[in-house]
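The values are calculated or read from the model by the stated rules, or taken from the named source; none is laboratory data. Quick caveat, the model's predicted, so the values are computed rather than measured. Cβ atoms come from the backbone with ideal geometry, glycine included; neighbour counts cover every protein chain shown. When the accessible area is computed, the model is the full protein with side chains, heavy atoms only, and any ligands, DNA or RNA have been set aside. Shrake-Rupley method; radii C 1.70, N 1.55, O 1.52, S 1.80 Å.
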Amino acid sequence: MKIIKSIRQMQKWADGQRRRGKSIGFVPTMGALHDGHGSLMRAAARRCDSVVVSIFVNPTQFGPNEDYARYPRDAENDAALCRREKMDVLFMPTAEAVYPEGHDTKIRVGRIGEVLEGAVRPGHFSGVATVVAILFEIVRPDVAFFGQKDYQQTVVVNRMTRDLNFPVKIVVSPTVREKDGLAMSSRNRFLSAEERKTAGVLFKALQKGKERIGQGERDAAAVRDAMTLLILEEPAARIEYAVVANLETLEEVSEIKERVVLLLAVRIGRTRLIDNLPVRP
Ligand code: PAF
């Protein structure tokens, strides 16, 4: 596996692949890799001739009071995981290379970036869209892989790719879960042993919501209340949002007439966790 830090070298390697007629799969990450990322890498390897994984903790998607400084960084283990998954390139650009002095261009994401995560984390999706666009331009992949765990991010990236005509196919892979259903996330490592037990409540709540819809409940408020009540049983959990939303616009629905997505953001201690579940009535 090649480790590339320079943008120029990354572009040269990708140009070479394209000249040889080889397709490029791309898995953009912020590192602290786990098996959720592993599953994206395997999906990319199955579909493409070569795979590039990027690790870049993107400062522009963190708000001033968020966890940019303490976001987990674990370059050695990350490189080992990429090697085990037989990745071709690990691309690790520096912040100075991605955002050189004077960098002043940002992608403004519309309404889709302002609801839910975007309302709690203003500017977050502009940062995500901007860095994904920069990385797409450097790697120029044929196919890029994102995890469904960050559901709103997948909607934003799909929209941006379509609106800006990036010649990239976006593949969204299912969320990988621990035994108790907790969605794998780099931030799970912040949870204490006690908090880790509590964190299983997110998936339980999503399943409760799905169960209610399966039983014929069509009132979104009743489904939302069922999820909320279950989470409230855990004193250490603080709900930021629990919603039943349209799959594409992420606007909350009042009546469940077609496929919807249940979305949760819950704080357990100092750690903020998100999860989601698309459900067909
Ligand atoms: O999902 C992530 O890890 C990040 O938001 C991404 C897509 C790599 C952009 O920084």
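For LYS179, the lysines whose Cα comes closer than 21 Å to its Cα, not counting residues fewer than 8 places off in the same chain, are LYS149, LYS197, LYS204, LYS208, LYS210.
For the stretch 1-85, the alpha carbon positions stretch 46, 28, 20 Å along the principal axes, listed from largest to smallest. Tell me which GluC sites (Glu not before Pro) from the stretch 206-281 have a DSSP coil assignment and no more than 14 other beta carbons within 10 Å of their own. Of the GluC sites (Glu not before Pro), the ones in loops of the stretch 206-281 whose Cβ has at most 14 other Cβ atoms within 10 Å are GLU233, GLU248, GLU251, GLU258.
Evaluate the Kirkwood expression for the hydrodynamic radius of the stretch 145-200, namely the inverse of the mean inverse distance over all pairs of different C-alpha atoms, and round to one decimal in Å. Provide the component values of the computation, followed by the final result.
On the way: mean 1/r = 0.0767 Å⁻¹.
Roughly 13.0 Å, rounded to one decimal.
Computed 3J(HN,Hα) for the stretch 185-191, one whole-Hz value per residue from the Karplus formula 6.51 cos²θ - 1.76 cosθ + 1.60 where θ = phi - 60°, is 7, 4, 6, 4, 5, 7, 6, glycine and proline marked x. Taking the C-alpha atoms only, the angle from helix 220-232 to the longest principal axis of the chain is near 90 degrees. Most simply put, the chain has about 50% antiparallel DSSP beta bridges, counting only bridges with both residues inside it. Per residue, the stretch 2-173 exposes 48 Å² of solvent-accessible protein surface, assessed with a 1.4 angstrom probe and all protein chains in place.
Shape call for the stretch 2-173 from the C-alpha gyration tensor, a ≥ b ≥ c root eigenvalues: rounded (a/c under 1.5), prolate (a/b greater than b/c) or oblate? Show your work: numbers first, answer last.
Numbers: a/c = 1.43, a/b = 1.34, b/c = 1.07.
Rounded, because the longest to shortest axis ratio a/c is under 1.5.
Every helix of 4 or more DSSP H residues in the chain counts as -39500 (n - 2.57), and over all residues that averages to -11500 deg cm²/dmol at 222 nm.
Per the Cα gyration tensor, the stretch 70-124 maps to an equivalent ellipsoid with semi-axes of 30, 18, 12 Å, ordered largest to smallest.
How large, in Å, is the stretch 186-276 by the Kirkwood hydrodynamic radius built from its alpha-carbon pairs?
On the way: mean 1/r = 0.0749 Å⁻¹.
That comes to 13.4 Å for the stretch 186-276.
Phi-derived couplings, Karplus 6.51 cos²θ - 1.76 cosθ + 1.60 at θ = phi - 60°, listed residue by residue for the stretch 82-91: 4, 5, 4, 7, 6, 6, 7, 9, 10, 9 Hz, with x used for Gly and Pro. Surface composition of the stretch 2-173: carbon plus sulfur atoms contribute 47% of the solvent-accessible area (1.4 Å probe, protein chains only, all chains present).
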